[in-house]
Amino acid sequence: IDDLKAISQLCKEEGIWFHVDGCIGALMSIAPENKHLVDGIEDADSLALDPHKWLHVPFEAGCALIKDASLHRDAFAVHPEYLEEKPRGIAAAEYLQDYNLQTSRGFRALKVWLTLKEHGVAKFGRLIDQNIAQAHYLTEMVKNDSELELAAPTTVNIVCFSYKPAELADDALEALNIEIMIRLQESGTAAVSDTTVKGRHCLRAALCNHRTRRSDLELLLREIKSVGSAILGKG
């Protein structure tokens with residue numbers, strides 16, 4: 001995670017707009033045990049976040065927050081003759097299109113508001129902490145297994161690792177892990193993805209489901225090793 005405090009200070013000194021891309025990470029600010037990881041986010045001039053991720057709102061629900069409402073409005077407000085404001089009537093209300101590119105749009109904010117009203121902010125904060133703790137639990141299991149290799153330190157909720165039971169060439173190891181990933185997806189066991197870290201391919205487990213339990217993570221590693229062993233046995 002970037003040092004938001006330091007970046008904020010630099011932006012103030014240089015007169016630069018401070019935007020935070022917090023599509024998932026911004027919501028750590030409501031997580032009691034991990035909100036310190038995003039210290040400085042409150043200084044942002046603008047912030048992007050996705051409620052359909054760690055707020056579990058039905059897809060899709062993207063959100064942009066701008067600290068200075070007047071700057072926000074001035075960037076988008078356009079009033080042709082047919083959209084002129086009036087002192088009274090329905091045209092006297094504030095135009096929402098003055099704050100974005102769309103003139104007509106659906107009521108996306110309703111599902112976010114209802115979700116927060118039903119469950120409350122505190123519950124989502126606890127669930128975020130739970131996912132992060134689960135990621136660290138998965139990380140420790142990977143570290144303690146001789147057939148698995150951690151690809152990068154775990155900071156938040158993403159664990160990058162590989163199935164590596166023996167010395168294999170990089171291309172063979174990549175092909176093996178891709179096949180494991182696809183078989184796990186096709187069987188419905190787990191929806192892991194893959195990525196590249198420091199030039200090396202690895203599996204990527206992103207933990208953001210409120211239903212995930214430690215037993216699911218234990219099952220994941222057992223299945224990775226079982227599928228990997230079966231592939232090598234056939235080879």
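The values are calculated or read from the model by the stated rules, or taken from the named source; none is laboratory data. Not measured: the values here are computed from a predicted model. When we count neighbours, we look across all protein chains shown, and the Cβ atoms used for this are built from the backbone with ideal geometry, even at glycine.
Out of segment 193-212, which residues are in contact (Cβ under 8 Å) with a residue 40 or more places away in the chain and either under 30 Å from Lys123 (Cβ atoms) or not β-branched (Val, Ile, Thr) (or both)?
From segment 193-212, those in contact (Cβ under 8 Å) with a residue 40 or more places away in the chain are 197-198, 200, 202-210, 212; that's our starting set.
Answer for segment 193-212, where residues must be in contact (Cβ under 8 Å) with a residue 40 or more places away in the chain and either under 30 Å from Lys123 (Cβ atoms) or not β-branched (Val, Ile, Thr) (or both): Lys198, Arg200, Cys202, Leu203, Arg204, Ala205, Ala206, Leu207, Cys208, Asn209, His210, Thr212.
Within segment 57-97, restricting attention to residues that are surrounded by 15 or more Cβ atoms within 10 Å (Cβ to Cβ) and out of contact with any strand residue (DSSP E or B) (no Cβ under 6 Å at 6 or more places or on another chain), which residue is modelled with the lowest pLDDT? Step by step, filter segment 57-97, then rank; the result is Tyr95.
May I ask you to verify whether Val121 is farther than 30 Å from Ala230 by Cα and either at pLDDT 95 or above or of a type in the set (Asp, Glu) (or both)? In short, yes.
The residues in segment 46-93 that are of a type in the set (S, T, N, Q) and either in the same structural domain as His210 (by TED's automatic domain parsing) or in a strand (DSSP E or B) (or both) can be counted, and the count is 1. Counting the residues of segment 6-36 that are farther than 24 Å from Lys117 by Cβ, without any contact (Cβ under 8 Å) to a residue 60 or more places away in the chain and surrounded by 14 or more Cβ atoms within 10 Å (Cβ to Cβ) gives 7. What residue, among those in segment 175-191 that are in contact with a Ser or Thr (Cβ under 9 Å, 6 or more places away or on another chain) and under 29 Å from Asp2 (Cβ atoms), is surrounded by the most Cβ atoms within 10 Å (Cβ to Cβ)? Ranking the qualifying residues of segment 175-191, first place goes to Asn177.
Which one is farthest from Ser70 (Cα to Cα), of the residues in segment 37-52 that are aliphatic (A, V, I, L, M) and surrounded by fewer than 18 Cβ atoms within 10 Å (Cβ to Cβ)? This residue is Leu37.
Table: residues versus (1) under 22 Å from Asn34 (Cα atoms); (2) in contact with a His (Cβ under 8 Å, 6 or more places away or on another chain).
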{"residue": "Ala133", "(1), (2)": "yes, no"}
{"residue": "Pro153", "(1), (2)": "yes, no"}
{"residue": "Asp170", "(1), (2)": "no, yes"}
{"residue": "Leu173", "(1), (2)": "no, yes"}
{"residue": "Leu176", "(1), (2)": "no, no"}
{"residue": "Thr196", "(1), (2)": "no, no"}
{"residue": "Ser215", "(1), (2)": "no, no"}
{"residue": "Ser226", "(1), (2)": "no, no"}
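Test Gln185 against the criterion of being in contact (Cβ under 8 Å) with a residue 24 or more places away in the chain, assigned to a helix (DSSP H, G or I), within 25 Å of the chain's Cα centre (by Cα) and assigned by TED's automatic domain parsing to the domain that holds Ser229, and give yes or no. Step through it out loud before you land on a result.
Working: in contact (Cβ under 8 Å) with a residue 24 or more places away in the chain: no; assigned to a helix (DSSP H, G or I): yes; within 25 Å of the chain's Cα centre (by Cα): yes; assigned by TED's automatic domain parsing to the domain that holds Ser229: yes.
Criteria not met by Gln185.
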